[in-house]
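Single-structure report; data block below.
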Amino acid sequence: MSKTITLLGSTGSIGTQSLDVARMHGYTIFGLAAHSRIEILQKQIAEFHPRYVAVVDEAACDRLEAELTGMADAPRLLRGTEGLRTLAAMDGPDVVLNAVVGIAGLPASLAAIESGHDLALANKESLVTGGHLVTDAVRRKGVRLLPVDSEHSAIFQCLQDQHSAKRLTKILLTASGGPFFGMKQDQLAGKKKEDALKHPNWNMGAKITIDSATLMNKGLELIEAVWLFGLPEDKIQIVVQRESVIHSAVQFADNSVIAQMGVPDMRIPIQYALTWPDRLPSPVPELDFAALKSLSFDVADEETFRCLAACKKAIRKGGLAPCAANGANEEAVRLFLQDKIGFLDIGRLVEGVVDSQSFGGDYTLQDVYDCDAMARAYVRAHL
Ligand code: NDP
Ligand code: MG
């Protein structure tokens, strides 16, 4: 079945893999958006001929404008964060896929939903920072939120039987454990970005790769799961599954467990979000059970990996506490990637901001931005 897609964050790891899926199935690309990597964007424009392109960084937008001048069937260029929001809201696509990284993805998610679009969501930060706004808008507009994150896609796939879904009692959220699994704080203290950027199973953007090393990613995913599936934090168990073959599982009232498996390749969950409720052939190879000798399981070490403990505290506190944890993490990861802080500082700063106030209650989008700014300022003041 033919589909028309707007893809936000097209130049990133999820963005380019989404275009692999689109290429294979001959999907039409209505709009593409990126921050500043216009060399990649130009190649995507040449191949997919989108009608609109949004570039957030002003200087990059100027460069792309110059490159597109005189080009036959050049896309219309939309500029800055406002351009990203405008594109997300535009009529034309069947679905908007948001693969922007960080809280920058939240206004685009809200714009897409408010305009009545189904949203395929890779940008977990939208739910972590503004979960209440996003899920309210989804309910009001009657649109679909289709998870792209592999664990959440797995859970979603396990819940397709509506009868069983009503009897969901527990989610088993799997985690690879990241490159530093098994290490204690004294071994982690000297870790540099070169060490943290080596993920054992997945090839992802820099920010989420660091989040996987600190286990912040699992904390963000726990919060994402609470919003998507409506279970409280204490009914979501993190299970370390080192091979990343079981992508997550669900447990029902009778203690029966159903898991979703496959080779670790994001094109499966990306494609499922686009073809749901149908399934199509995939560019991903099948799981080879003859080569798969064993699957291992372990528990996550929250004493060592404080980001995970901080995210649990944040979702229990509610309100804007998860937004604060996310903002502190985004700022801390930025500083870590610039070699300005140590690996363990990330967890210290995220936990520090969560502990710093109560955060409860309802919030507006402006409150989310204010809280994000507060959390970033907290990090800079507590180096
Ligand atoms: P990348 O860093 O590889 O790509 C991020 C994309 O977002 C790029 O297109 C980038 O543009 C764009 N971008 C960055 N900053 C902004 C901004 N301020 N405004 C608009 N666009 C921006 O990230 P990933 O693809 O790894 O991750 C994307 C999202 O998907 C994240 O939320 C991540 O947590 C989630 N995710 C990723 C997985 C993975 O396997 N990679 C797995 C599951 C979830 P440019 O290239 O021009 O900078
Ligand atoms: Mg994931």
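Scanning region 218-237 for residues being buried (at least 21 other Cβ atoms within 10 Å of the Cβ) and over 17 Å from the mean Cα position of the chain (by Cα) gives a total of 1.
Does region 206-217 contain at least one residue that is surrounded by fewer than 18 Cβ atoms within 10 Å (Cβ to Cβ), within 19 Å of the chain's Cα centre (by Cα) and either part of a loop (DSSP other than H, G, I, E, B) or within 11 Å of ligand 1 (Cβ to nearest atom) (or both)?
The answer is yes, given that some residue of region 206-217 is surrounded by fewer than 18 Cβ atoms within 10 Å (Cβ to Cβ), within 19 Å of the chain's Cα centre (by Cα) and either part of a loop (DSSP other than H, G, I, E, B) or within 11 Å of ligand 1 (Cβ to nearest atom) (or both).
In region 204-215, the residues that are basic (K, R) form Cβ pairs under 6 Å with partners that are near ligand 1 (Cβ under 7 Å from one of its atoms), at six or more places apart or across chains, as follows: K207/V101. Selection of region 98-140 for residues being open to solvent by less than 20 Å² (accessible area, probe 1.4 Å) and of a type in the set (D, E, K, R) yields K124, E125. Looking across region 35-52, the residues that are open to solvent by 60 Å² or more (accessible area, probe 1.4 Å) and part of a loop (DSSP other than H, G, I, E, B) come down to H35, R37, H49, R51. Of the candidates S164, S126, S153, the single residue that is assigned to a helix (DSSP H, G or I), of a type in the set (G, A, S), over 21 Å from D372 (Cβ atoms) and under 13 Å from the mean Cα position of the chain (by Cα) is S153. Filtering region 1-14 to residues that are away from ligand 2 (no atom under 16 Å from the Cβ) and in contact with a strand residue (DSSP E or B) (Cβ under 9 Å, 6 or more places away or on another chain) leaves S2, K3, T4, I5, T6, L7, L8, S10, T11. Here region 343-375 is the region considered, the condition is being within 19 Å of M216 (Cβ to Cβ) and not in a helix (DSSP H, G or I), and the residue that is most open to solvent (accessible area, probe 1.4 Å) is S356. Looking at D372, D345, D355, just one residue is farther than 21 Å from K207 by Cα and of a type outside the set (S, T, N, Q), and that residue is D355. Output the residue which, of all residues in region 297-319 that are touching a strand residue (DSSP E or B) at 6+ places or on another chain (Cβ under 8 Å) and surrounded by fewer than 24 Cβ atoms within 10 Å (Cβ to Cβ), is nearest to V245 (Cα to Cα). My answer is F297.
The values are calculated or read from the model by the stated rules, or taken from the named source; none is laboratory data. Everything quoted here is computed from the prediction, not taken from an experiment. Heads up, the Cβs are rebuilt from the backbone with ideal geometry, glycines too, and the neighbour counts pull from every protein chain shown. Only protein heavy atoms, including side chains, enter the accessible area calculation; ligands, DNA and RNA are left aside. Shrake-Rupley method; radii C 1.70, N 1.55, O 1.52, S 1.80 Å.
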